[in-house]
Amino acid sequence: MKASDLFVKALENEGVQYIFGVPGEENLDLLNSLKNSSIRLILTRHEQGAGFMAATYGRLTGQPGVCLVTLGPGATNLITPAAFAQLGAMPMFMITGQKPIKTSKQGRFQILDVVDLMRSVTKSTKQIVNGNTIASLVRESFRLAIEERPGAVHLELPEDIADEECAETVFPPIGHLRPHATKDALREATSMIEAAKSPLLLIGAGANRKRVSEALTAFVEATGIPFFTTQMGKGVVDERHPLYLGSAALSDHDFLHCAIDRADLIINVGHDVVEKPPFFMEHGGKQVIHVNFSPAEVDAVYFPQLNVVGDIAFSVQQLAKLIKNKNHWDLSFFKTIKTEVDQHLSKYFLDTRFPMLPQRLVHVLRETLAEDAVLSLDNGVYKIWFARNYKCYFPNTMLLDNALATMGAGLSSAMMAKILYPNTQVVAVCGDGGFMMNSQELETAVRLKLNLVVIIVNDNAYGMVKWKQHAMGFDNFGLDYANPDFVIYAQSFGAHGYRIQNDEHFQQTLDTCLTSTGVHVIELPVDYSLNHEILNVMLKEKTCQL
C-alpha cells in the first residue's frame with residue numbers, strides 16, 4: 001500500500017471528518033489519496049485559518065481537529081494556531097509536508113527544521129522516516145492530543161516517504177479510563193470545605209466538558225456554594241443560576257473581587273496558570289483547593305494548598321456527596337456582592353448613544369440571540385466587556401481565547417462552529433484589527449455556503465493597546481490606522497455588507513442577518529471612551545465593605 005494511502009486510512013480509522021488546509025507541492029501524494037476518502041478537505045485561504053478551524057473543532061468536539069500545510073512558510077504560518085491549541089487545551093493534529101529526505105536536488109530551498117520549530121508549541125512533534133511506522137505514529141499522536149491536558153501534535157510527512165510502498169495496517173483506537181482522585185485527597189478537601197466559613201467555587205477552562213458541566217451544576221445545587229468563572233470557564237454552569245456571581249474578566253479590582261476577598265476558601269475547578277489569573281493569591285491569605293485532571297503548576301500568583309487530581313467530574317460528584325457539615329457557613333455577603341455586580345454591569349445596557357458602547361452591544365446580542373447561540377470572539381478590549389457582561393447558558397457558547405489571546409482567530413472559530421452546528425445561530429464579533437488579520441477567510445465561508453453573521457467592532461485603532469497606553473500615562477501614539485470600506489470589502493467576497501448608522505439600525509440589521517441565508521458582515525462603530533474611566537479609574541477607587 002502507498003504510504004499516503006495508509007496515512008489517510010489511519011486518519012479515517014480515527015474518525016476524522018474534516019481536514020482544513022492549504023496544501024503545497026510536497027503534499028500532493030497525500031492530497032491525491034484524500035480524493036476518494038470519506039474525509040472532507042476544506043481549503044482555506046491561509047494556514048492560520050486552517051489551524052484555527054482545526055483547533056476549534058477540537059475544542060467543540062473533544063476530538064483532534066486535523067490541518068494540512070506544506071513545508072517552510074506553510075509550517076511557520078501554522079505556529080500561531082499550534083500555540084492557540086496548545087495553551088487553550090484544544091486537541092489538534094497537524095500534518096506538514098517536507099522535501100524528500102533520502103535524495104533531493106533542491107539543496108536547502110525552503111528547508112527549515114519544522115519538527116524542532118514545533119517543539120515548544122506541541123505535546124509531540126515527529127518526522128516520519130518510514131512508511132511502515134505511519135499507523136502507530138498516527139494512533140499515538142491522537143492519543144496524546146486527546147489525553148488530558150489536551151493540546152497540539154504534529155507529524156511531518158516527507159514527499160518521498162509519502163510515495164513509498166508499505167505494509168497495510170492500522171491500530172484501532174482504544175478507550176481509556178481517567179484516573180480518579182484518591183480517597184485521602186477527597187477526604188482532606190471535604191474537611192477543608194467543611195471547616196471554611198465562606199467557601200467560593202471557581203470554574204475554569206478545564207471544566208468546560210459536558211460531564212463536568214453536569215457534575216458542577218449538581219454540586220452547586222447540593223452545596224449552595226456561590227460560583228464565579230474565568231473567561232474560558234463561562235457557561236459551564238448556566239449563568240442565570242441565582243448563585244452565579246460573575247466572570248473574572250480582570251485579575252483584580254473588579255466588583256467580583258470583593259467576593260473573592262471575602263472568601264476564606266476557593267474551590268478552584270479546572271483552572272491552570274496558562275489562563276490569565278482570575279485573582280492573585282497572597283501568602284498567608286485564603287486557602288485554595290485545586291481540582292483538575294493534573295496537579296497545579298505552582299506560580300507566583302497560584303500556589304494551592306491541596307491538589308485533588310483525577311477526573312474532574314468524578315471528584316466533583318464525590319465532594320458533593322461527602323460534604324455534610326455546612327450549617328456554619330456564612331454566604332450572605334456573596335448575595336450582596338451579586339446585587340452590586342449585576343447593577344454595575346447593567347448600568348449602560350440601555351444607553352443608546354452612537355457610536356455604540358460595547359456594553360450596549362453585549363446587551364443587544366444577549367437579548368436577541370437564542371439560548372444556545374454560539375458567540376465567537378476575536379481578541380480586543382471588547383472581549384473584557386463580553387466576558388464580564390454577557391451571560392452564557394451552556395458550555396462553549398462563547399468561544400474566546402484567554403490563554404494565547406491571539407488576534408485573528410474569531411472568524412475561523414465561528415466558521416467551524418457553524419459547520420458543526422448548521423442549525424444554531426453563530427455570530428463572530430471581531431475588532432477591526434483582528435478581523436483584517438484573517439479577513440480572507442470570508443471567501444472560504446462564502447464558498448462553503450455558511451449562514452454566518454460577522455460583526456466588526458470598528459474604532460480604527462488597536463483599541464486594547466490604546467487603553468493600556470492611556471492607563472500607563474503615555475501619549476496617544478502609533479496605534480491608529482485607516483480601514484477599507486467594509487461594506488464593499490464584504491461584497492467583493494460575495495458576502496452581504498452593512499454599515500450601521502444608529503442603535504435602532506443595528507437592531508434591525510441584526511434581526512435581518514440572523515434570519516437570512518449567506519454571510520453577513522456588519523460594520524459597527526464603537527465608543528470606547530468609557531474604558532479608561534470604568535476599568536482604570538472607577539474600579540480601582542471602589543471599596544469593598546468586608
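Just so you know, in segment 20-58 the residues that are at pLDDT 95 or above and among the acidic types (Asp, Glu) include one that is surrounded by the fewest Cβ atoms within 10 Å (Cβ to Cβ), and it is 29. Here residue 422 meets the list (1) within 24 Å of the chain's Cα centre (by Cα); (2) not in a loop (DSSP other than H, G, I, E, B); (3) not aliphatic (A, V, I, L, M) almost entirely, failing just condition (2).
From 326, 338, 347, which residue is in contact (Cβ under 8 Å) with a residue 24 or more places away in the chain and out of contact with any Leu (no Cβ under 7 Å at 6 or more places or on another chain)? First the steps, then the outcome.
Details: 338 fails: out of contact with any Leu (no Cβ under 7 Å at 6 or more places or on another chain); 347 fails: in contact (Cβ under 8 Å) with a residue 24 or more places away in the chain.
After ruling out the rest, the residue left standing is 326.
Among the residues of segment 282-295, those identified as farther than 30 Å from residue 177 by Cα and surrounded by fewer than 18 Cβ atoms within 10 Å (Cβ to Cβ) are 282, 283, 284, 285. Among the conditions (1) farther than 21 Å from residue 320 by Cβ; (2) in a helix (DSSP H, G or I); (3) touching a residue at least 40 places away in the same chain (Cβ under 8 Å), the only one that residue 167 does not satisfy is (2).
Would you be able to tell me the number of residues in segment 350-378 that are part of a loop (DSSP other than H, G, I, E, B) and over 22 Å from residue 228 (Cα atoms)? Write out each step before concluding.
Step one: filter segment 350-378 for residues part of a loop (DSSP other than H, G, I, E, B), giving 350-355, 357, 369-373, 378.
From the residues that got through so far, the ones that are over 22 Å from residue 228 (Cα atoms) too are 350-355, 357, 369-370, 378.
Residues flagged as part of a loop (DSSP other than H, G, I, E, B) and over 22 Å from residue 228 (Cα atoms) within segment 350-378 amount to 10.
A quick yes/no check of all residues on (1) within 20 Å of residue 90 (Cα to Cα); (2) in contact (Cβ under 8 Å) with a residue 60 or more places away in the chain; (3) assigned by TED's automatic domain parsing to the domain that holds residue 79:
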{"site": "114", "(1), (2), (3)": "no, no, yes"}
{"site": "119", "(1), (2), (3)": "yes, no, yes"}
{"site": "133", "(1), (2), (3)": "no, no, yes"}
{"site": "146", "(1), (2), (3)": "yes, yes, yes"}
{"site": "153", "(1), (2), (3)": "yes, yes, yes"}
{"site": "172", "(1), (2), (3)": "no, yes, no"}
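Which of the residues that make up segment 107-135 are out of contact with any helix residue (DSSP H, G or I) (no Cβ under 9 Å at 6 or more places or on another chain) and closer than 24 Å to residue 6 by Cα? Full working, then the answer.
Step one: list which residues in segment 107-135 are out of contact with any helix residue (DSSP H, G or I) (no Cβ under 9 Å at 6 or more places or on another chain), which gives 107-109, 111, 113, 115-116, 119, 133.
Selection gives 115, 133.
Select, from 436, 416, the only residue that is under 22 Å from residue 380 (Cα atoms) and touching a helix residue (DSSP H, G or I) at 6+ places or on another chain (Cβ under 8 Å). 416 is the lone residue from the list that is under 22 Å from residue 380 (Cα atoms) and touching a helix residue (DSSP H, G or I) at 6+ places or on another chain (Cβ under 8 Å). Considering segment 77-87, the residues that are in contact with a helix residue (DSSP H, G or I) (Cβ under 7 Å, 6 or more places away or on another chain) and part of a helix (DSSP H, G or I) include one that is nearest to residue 412 (Cα to Cα), namely 81.
When segment 49-71 is filtered for residues that are closer than 23 Å to residue 146 by Cβ and assigned to a helix (DSSP H, G or I), the ones remaining, listed by number, are 50, 51, 52, 53, 54, 55, 56, 57, 58, 59, 60, 61. The criterion of being of a type in the set (Gly, Ala, Ser), closer than 30 Å to residue 262 by Cα and buried (at least 22 other Cβ atoms within 10 Å of the Cβ) does not hold for residue 195.
Within segment 386-403, the set of residues being within 9 Å of the chain's Cα centre (by Cα) and part of a loop (DSSP other than H, G, I, E, B) comprises 396, 400, 401, 402, 403. Taking the listed residues 104, 37, the one that is touching a helix residue (DSSP H, G or I) at 6+ places or on another chain (Cβ under 6 Å) and polar (S, T, N, Q) is 37, with no other qualifying.
Just to check your reading of the model, which residue among 90, 118 is of a type in the set (A, V, I, L, M, F, W, C), within 17 Å of the chain's Cα centre (by Cα) and buried (at least 18 other Cβ atoms within 10 Å of the Cβ)? Spell out how you get there, then give the answer.
Working: 118 fails: within 17 Å of the chain's Cα centre (by Cα).
When all the criteria are applied, what remains is 90.
Scan segment 105-117 and give yes if some residue there is closer than 30 Å to residue 207 by Cβ, of a type in the set (Gly, Ala, Ser) and out of contact with any Lys or Arg (no Cβ under 8 Å at 6 or more places or on another chain), otherwise no. No: zero hits.
The values are calculated or read from the model by the stated rules, or taken from the named source; none is laboratory data. This structure is a prediction, so every number in the text was calculated from the model and none was measured. When we count neighbours, we look across all protein chains shown, and the Cβ atoms used for this are built from the backbone with ideal geometry, even at glycine.
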